[in-house]
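Please read the structure below before turning to the comments.
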Protein chains: 4
Amino acid sequence: MIEPNNWGRWGPDDERGTLNLLTPEVVLAATRSVRQGRVVSLALPIRGSTSSPARLGVPHLPGRPLPQHFMSVDGGDYAAGTRPIGPGLCVCDDALVVSPHGTTTHLDALCHMWTGDQLYNGHAASRVRSYGATRCGIDKAGGIVTRGVFLDVAARLGVPHLDGGFRIGADHLEACGAQLRPGDAVVIRTGWPLVHESDPSSYAHPQPGLSYEAGLWLAERDVALVAMDNAAIAALDDHGRCTEPLEEDLHLLFLWRHGIHLLEMLWLEELHALAATDFLFTLAPLTIEGGTASPVNPLAVL
Amino acid sequence: MIEPNNWGRWGPDDERGTLNLLTPEVVLAATRSVRQGRVVSLALPIRGSTSSPARLGVPHLPGRPLPQHFMSVDGGDYAAGTRPIGPGLCVCDDALVVSPHGTTTHLDALCHMWTGDQLYNGHAASRVRSYGATRCGIDKAGGIVTRGVFLDVAARLGVPHLDGGFRIGADHLEACGAQLRPGDAVVIRTGWPLVHESDPSSYAHPQPGLSYEAGLWLAERDVALVAMDNAAIAALDDHGRCTEPLEEDLHLLFLWRHGIHLLEMLWLEELHALAATDFLFTLAPLTIEGGTASPVNPLAVL
Amino acid sequence: MIEPNNWGRWGPDDERGTLNLLTPEVVLAATRSVRQGRVVSLALPIRGSTSSPARLGVPHLPGRPLPQHFMSVDGGDYAAGTRPIGPGLCVCDDALVVSPHGTTTHLDALCHMWTGDQLYNGHAASRVRSYGATRCGIDKAGGIVTRGVFLDVAARLGVPHLDGGFRIGADHLEACGAQLRPGDAVVIRTGWPLVHESDPSSYAHPQPGLSYEAGLWLAERDVALVAMDNAAIAALDDHGRCTEPLEEDLHLLFLWRHGIHLLEMLWLEELHALAATDFLFTLAPLTIEGGTASPVNPLAVL
Amino acid sequence: MIEPNNWGRWGPDDERGTLNLLTPEVVLAATRSVRQGRVVSLALPIRGSTSSPARLGVPHLPGRPLPQHFMSVDGGDYAAGTRPIGPGLCVCDDALVVSPHGTTTHLDALCHMWTGDQLYNGHAASRVRSYGATRCGIDKAGGIVTRGVFLDVAARLGVPHLDGGFRIGADHLEACGAQLRPGDAVVIRTGWPLVHESDPSSYAHPQPGLSYEAGLWLAERDVALVAMDNAAIAALDDHGRCTEPLEEDLHLLFLWRHGIHLLEMLWLEELHALAATDFLFTLAPLTIEGGTASPVNPLAVL
């Protein structure tokens, strides 16, 4: 039986996980990280997978329901003879169907994983029902504005990307030379999305990821958020599985034991090209009531 | 025949609308607006409308397809006997179906409205097809980080909320006393969502909104974005219609003639309670390729 | 505590409800009901509710998620310049999002309603989970081919349609003069959809429906299926509610106590105009694994 | 430039394709094909593809958006503590997202494919827009009740299933010995779904199918419908493509030149096991206004 170790750190009734850590001082200090006035998006594109002859072309895990994007009225309709509204207005409108996990850049809610009968902070797991999670849902994450610290492990190791199955150790993180502060958003680059660029069929697995000891090292530093450009934070083996035992599972470690949000499937190549170090990090998950995750577009303000 | 007047302001081939305005200087100056280190979300909740016995309970326009949120596995399943994954991991997962316009806080893409055969900047409207808009889609809006300026018109006029059908004049905006700078995100409060709190059936129409002359006044000031807490920027009459003639249509004025993004259906009551003036404004639309809008969670960092 | 009374009638392990009743003899006899060779559809249209300026225009209950129909490629795209596939083929493709209850002509699965901890035939209710119902789902209904018997109660009472709130009694059914046989599909006309034709806003409630004693009368006759043109079989009061006490609830009576499928929201005006009496009735619910219902297009072959 | 050859056969303004062929005499004669009173479903299961650990497990073409089935309230919720409605009623409810082509048993609408600017019968292709096809949509197909004739080509050739890429010739059809009549639904078995049973990864391509000359042979016999258990009527090569030139394309031949509906992805193993010959065939496509197809559950009444 594994035990949670940071339940209650944020207060016994607090449903908002790490956000208590984001004090006014942390936020103010973060704004001082902006030096160039340059805004960089860390998100992959959300590409509808319907009847397009083109391949999906963006990283995703196999077997997941891919995003579907539909236009309910478009320019083609006007070309075909649809009359503009009233005085001459043309309008286009659309719909998105999205299951974020494994299909696009997304933030996991604290409710996304647990063991036993309780969610993070001891809320009953039975509160996660078909209407959504009334505890620890993504709507509880709030807006996250803090300092982002970029640990470009692939660059540090002198490779374009880490190898599939490679586990990042605490020493690799430490070797990046950053001084982490409580409340930081740690952004870790494996470079793995480059594999998708050169050979989409090699993307899904194996994948590099964090080792359990690297996870502990981050949790001890009281970071607010762990953000990576792989699909599952942990490494994936040749069959697409995380092979850590339950007591070393990285999702449980971060989400369930420590209330640390996880941000997955980032695109960090622009940060890499700019040799970014720290910056103002902003993340605004959609306020989906009871959601298990939100597709997001995290921004680094350098 | 109405004419666009700011096509090309951002460069003839630029698909990114106002963002050229968001120079490094604008971004750096915006970070200096943060004084308290307080993060405020300006988004309404996204509440799934499926079989819940509860009423939808959030502002929306009638006749629009409401968001649907589904759990594909949840705590109820485990309570009913579903076995955890492998070693004891429980997981919840979900899907969202959303048509942003009229149903939740969202940013309009520049392609959302046009007249004639051309989108903003002269791109052919026929490029907006069932696969999405290959010009002026929401994926082109990028991340927006700039100074936010709060014009609390309702407070200025000493009312809880403006009346349905009321049109805000340039003089009302000016009376708020803010000095607008090019690239600002202007956030205008009507207080109208309070009507939904007291009587949901009165929300849809009429609604207060901007007058055309107020729109011109904003466009002349080169703002990057106009953000409001009503549903259509313009006022709505008793039947839910904008009654401006084509040449004074506010969506055309902003999106099509000036390349100014529109952010609708905000929740501004917290900014009001805090008597906010200016702040760091961040907005990160989802990178939906070819999307006509994105649900968003705009943040004000006071 | 109410008791099921026909569990086991179809065999203790039978998941297929009434179908045992549909013996070869019943099916063969049903084919002999065809006299004219005329095929009549009993379904309402399924109309996508997205951004069309047109009103939905088809009967539905308020608060239900309406069907959404999207074209993922269409003729408008080709008009706008999309190139045909390879040698000159044009194709259109689409998607449907549908929640059948209350939105269109549909067949309820036996799992749709229950009381206590057990579904029809004593299956554990906990087998109905996020992946669907592994017992009594709509995929278990199979294809239904039997004799249809038309009880045009509105015509019998000499009115265009029954009044909202009116409860059909056993005597009204009996007065229609039909000799019911075990395994028959009983098709009962209230005429209520005509109200939608003249005033859509009056459709939802109140509605006429069956009384409990009429329900008992039907159950005693071992019918295979009860089919009606109202939205809930039972009558609805001014607030859209069925007001029968639990022990007289018509959904429980038919689905749960007797394993009799319910078919709702039919269009019976063509049968009425033809003064139909009995006919070959065919119903082919989609094989949605674990579904709670299926949209259907029931056919009467006169 | 290829030419349609049967436009107008069903009348210049007739939007209902082959149905004129289904005269009362044809329907009456069809009912006389019922000899055993046995109802056989010809549909594959519709299985939601969301977060289930189970593989999809049903035949489908790669790259297509798979059906998604969601429960909006289920037995798990009650197990987790959700309170029954009012007096003790438990209810389950669900939603289905489906794109029929290539994912399940479905009937193609006549609008599904065309060449040039016109649909079947000369309707403008520009009438197929984002709101659906106002001409030749699946809602125009109506209910189909006719004689079904089973041509078990695989059995005739003495193989469990035809080989991938094999093209059925007119001689193979003729060798089955059936006397086709105008208006018949011809049901042709390749046995290909058995490949999915033994090795799902071999299902998609290649596939056996009809040759063009076999298509002509069927069209000349004025059949109402061609129904098969492969995915595209035509054969698919190793890359999943139909390689016929435009003038011999089978979808164009049937849908566009002759107004003959196509029914794909059937499950015919039960008919095979029963050594069926002819029977009453019923097909009731959903009345999706403007749809390009409908998922269906075709029934054979032996």
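Take the Cβ-Cβ distance between A:ALA29 and A:LEU157 as r, set R0 to 25 Å, and report the resulting FRET efficiency rounded to the nearest 0.05. Walk me through the numbers on the way to the answer.
On the way: r = 30 Å, r/R0 = 1.19.
E(calc), rounded to 0.05, equals 0.25.
Got a sec? Which residues of the range C:265-302 lose 50 Å² or more of accessible surface with every protein chain in place, vs. that chain alone, 1.4 Å probe? Residues losing area: C:ALA284, C:LEU286, C:THR287, C:ILE288, C:GLU289, C:THR292, C:ASN297, C:LEU299. Database remark: amide H of D:ASP152 closer than 5 angstrom to the amide H of D:ARG189 (H placed geometrically; neighbours at sequence offset of 5 or more, or on other chains; Pro and chain starts carry no H).
Note down the net charge around D:VAL73, summing +1 for each Lys or Arg and -1 for each Asp or Glu among other residues with Cβ under 9 Å from its Cβ. Can you show the working numbers first?
On the way: positive: A:ARG129; negative: D:ASP74, D:ASP77, D:ASP93, D:ASP94.
It works out to a net charge of -3.
Take chain A with all the other protein chains still there, run a 1.4 Å probe, and you get 33 Å² of accessible area per residue. For the range C:74-136 versus the range A:254-268, the inter-centroid distance based on Cα atoms is 33 Å. Accessible surface comparison of A:ASP117, A:ASP171, probe 1.4 Å, protein chains only, largest first: the order is A:ASP117, A:ASP171. Only helices enter this figure: runs of n ≥ 4 DSSP H residues, each worth -39500 (n - 2.57), summed and divided by the residues of chain D, yield -3500 deg cm²/dmol at 222 nm to the nearest 500.
Only bridges whose two residues both fall in chain C count here: according to DSSP, what percent of them are antiparallel, nearest 5?
65
Sequentially through the range C:205-215, phi angles give Karplus couplings (6.51, -1.76, 1.60; θ = phi - 60°) of 7, x, 9, x, x, 6, 7, 4, 5, 5, x Hz, Gly and Pro residues having no value and appearing as x.
At 20 °C and a viscosity of 1.002 mPa s, what translational diffusion coefficient does Stokes-Einstein give for the range B:193-302, taking Rh as the Kirkwood radius over Cα pairs? Give it in µm²/s as a whole number. Mind showing how you got there, number by number?
Values: Rh = 15.4 Å.
Stokes-Einstein gives a translational diffusion coefficient of 139 µm²/s.
With a Förster radius of 56 Å applied to the beta-carbon distance between D:ARG167 and B:ALA175, the computed FRET efficiency rounds to 0.10. Only Cα sites of chain A enter the Debye sum here, all with the same form factor; the resulting log10 I(q)/I(0) across q = 0.08, 0.15 1/Å is -0.36, -1.19, listed in q order. Shown in residue order for the range A:244-261 are the 3J(HN,Hα) couplings computed by the Karplus curve 6.51 cos²θ - 1.76 cosθ + 1.60 at θ = phi - 60°: 5, x, 3, 6, 10, 5, 6, 5, 4, 4, 7, 5, 8, 7, 10, x, 9, 5 Hz (x for Gly and Pro).
Counts of other chain beta carbons within 10 angstrom of each beta carbon in peptide A:114-126 average 4.
Work out the mean other chain Cβ neighbour count within 10 Å for the residues of A:143-156 and drop it here as an integer.
2
At 1.4 Å probe size, with the rest of the protein present, what percent of the exposed accessible area of the protein assembly as shown is carbon and sulfur atoms? Answer for the protein assembly as shown: carbon and sulfur cover 49 percent of the accessible area.
Placing a label point 7 Å from Cα along the Cα-to-Cβ axis, C:ILE85 is separated from the same position in the other copies by 3.4, 3.5, 4.3 nm, shortest listed first.
Each part gets one Cα centre, and for the range C:147-193 versus the range D:202-229 those centres are 45 Å apart.
Scanning residues 5 or more positions from D:LEU44 or on other chains, those with amide H under 5 Å from its amide H are D:THR105, D:TRP267, with H placed 1.01 Å from N in the peptide plane. A cut-off of 5 Å between modelled amide H atoms, ignoring neighbours fewer than 5 places along the same chain, links C:LEU225 with C:VAL186. Counting only protein heavy atoms and using a 1.4 Å probe, the accessible area of B:SER198 comes to about 100 Å². Near D:LYS140, which lysines are there with a Cα under 30 Å away, not counting those fewer than 8 places off in the same chain? Partners found: C:LYS140.
Net charge within 15 Å of A:PHE279 by Cβ-Cβ distance, Lys/Arg positive one each and Asp/Glu negative one each, not counting A:PHE279 itself? It works out to a net charge of +2.
Each Lys or Arg adds one and each Asp or Glu takes one away; over the other residues whose Cβ falls under 11 Å from the Cβ of B:GLY291, this sums to -3. Peptides B:237-247, B:203-213 ordered by packing proxy, namely the average of other Cβ atoms within 10 Å per residue, highest first: B:203-213, B:237-247.
How well do other chains shield peptide D:239-250, expressed as the mean number of their Cβ atoms within 10 Å of each residue Cβ?
Values: counts 0, 0, 1, 2, 1, 1, 3, 6, 2, 0, 4, 0.
Partner-chain Cβ atoms within 10 Å, mean over residues of D:239-250: 2.
Dimensions of the protein assembly as shown from C-alpha coordinates, computed as largest minus smallest value along each principal axis and given longest first, are 85, 67, 62 Å.
The values are calculated or read from the model by the stated rules, or taken from the named source; none is laboratory data. Note that the structure is a prediction, hence the values are computed from the model and not measured. Here Cβ is always computed from backbone atoms with ideal geometry, including for glycine, and neighbour counts include all displayed protein chains. Ligands, DNA and RNA are stripped out before the accessible areas are found, and what is left, the full protein with its side chains, is counted by its heavy atoms. Shrake-Rupley method; radii C 1.70, N 1.55, O 1.52, S 1.80 Å.
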